[in-house]
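The values are calculated or read from the model by the stated rules, or taken from the named source; none is laboratory data. This structure is a prediction, so every number in the text was calculated from the model and none was measured. Cβ atoms come from the backbone with ideal geometry, glycine included; neighbour counts cover every protein chain shown. Ligands, DNA and RNA are excluded from the accessible area calculation, which covers all protein heavy atoms including side chains. Shrake-Rupley method; radii C 1.70, N 1.55, O 1.52, S 1.80 Å.
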Amino acid sequence: MREVGLVVDTEANSAYVQIDRRSACGNCKACGLGTTDEKSIVVQAINEIKANKGDIVELDLESPDVLLAAFIIYGIPMISLILGIFVAYGIQRLINYDSEILMLITGLVFMLVSFIIIKINEPKIKSSKRFSSTVVEIKGKSLV
């Protein structure tokens with residue numbers, strides 16, 4: 001996946017690039033956690049080609065990595081929720097007890113634990129270049 005954006009700041013080997021959200025984003029607002037109506041977002045990208053503030057650059061993030069990142073963020077918690085419900089269901093069948101509320105609570109606890117595990121591993125994930133955007137080309141200078 002390639003995007004074109006404007007470098008708004010640099011730091012060490014990173015560039016902060018402002019890119020326009022695509023129509024594919026729809027009303028998701030996940031980038032701003034639902035708190036903004038901005039048409040653009042700022043992403044941190046690896047800047048090995050030494051782009052400077054004000055440069056128009058092209059960013060690259062491999063599509064399989066985008067799908068894996070989405071799976072980590074959305075898929076693992078969803079699978080944990082369902083697994084928790086099935087675990088509670090199995091235990092309840094063994095002890096001859098039936099409570100949908102207990103299954104829901106167990107599923108939510110499993111999902112919460114998965115979020116905690118993801119959060120604990122976030123520094124390791126962020127330090128991996130696998131899920132980071134990379135500045136691959138300087139297109140030119142901004143006129144603004």
(message) Can you tell me which residue is farthest from LEU112 (Cα to Cα) among those in segment 83-97 that are hydrophobic (A, V, I, L, M, F, W, C) and surrounded by 13 or more Cβ atoms within 10 Å (Cβ to Cβ)?
(response) ILE91
(request) Give me a count of the residues in segment 94-137 that are out of contact with any strand residue (DSSP E or B) (no Cβ under 9 Å at 6 or more places or on another chain), of a type in the set (Gly, Ala, Ser) and outside any helix (DSSP H, G or I). (result) 2
(request) Exactly one condition in (1) closer than 19 Å to ALA12 by Cβ; (2) open to solvent by less than 50 Å² (accessible area, probe 1.4 Å); (3) of a type outside the set (A, V, I, L, M, F, W, C) is not met by PRO77; state its number. (result) (1)
(message) Step by step: first the residues of segment 41-82, then only those that are closer than 30 Å to LYS141 by Cα and β-branched (Val, Ile, Thr), then the one that is modelled with the lowest pLDDT. Which residue is that?
(response) VAL66
(message) For segment 47-95, give me the residue count where each residue is of a type in the set (A, V, I, L, M, F, W, C) and at positive phi.
(response) 0
(message) Go through segment 41-74 and report how many residues are closer than 24 Å to PHE131 by Cβ, of a type in the set (S, T, N, Q) and open to solvent by 40 Å² or more (accessible area, probe 1.4 Å).
(response) 2
(request) Evaluate the following for ASP37: is it at pLDDT below 85 and surrounded by 13 or more Cβ atoms within 10 Å (Cβ to Cβ)? (result) no
(message) Step by step: first the residues of segment 105-143, then only those that are open to solvent by 60 Å² or more (accessible area, probe 1.4 Å) and touching a Gly at 6+ places or on another chain (Cβ under 8 Å), then the one that is nearest to ILE56 (Cα to Cα). Which residue is that?
(response) LYS141
(message) I need every pair where a residue in segment 1-16 that is touching a residue at least 24 places away in the same chain (Cβ under 8 Å) has its Cβ under 7 Å from the Cβ of a residue that is of a type in the set (Lys, Arg) and exposed (fewer than 12 other Cβ atoms within 10 Å of the Cβ), sequence separation at least 6 or different chains.
(response) none
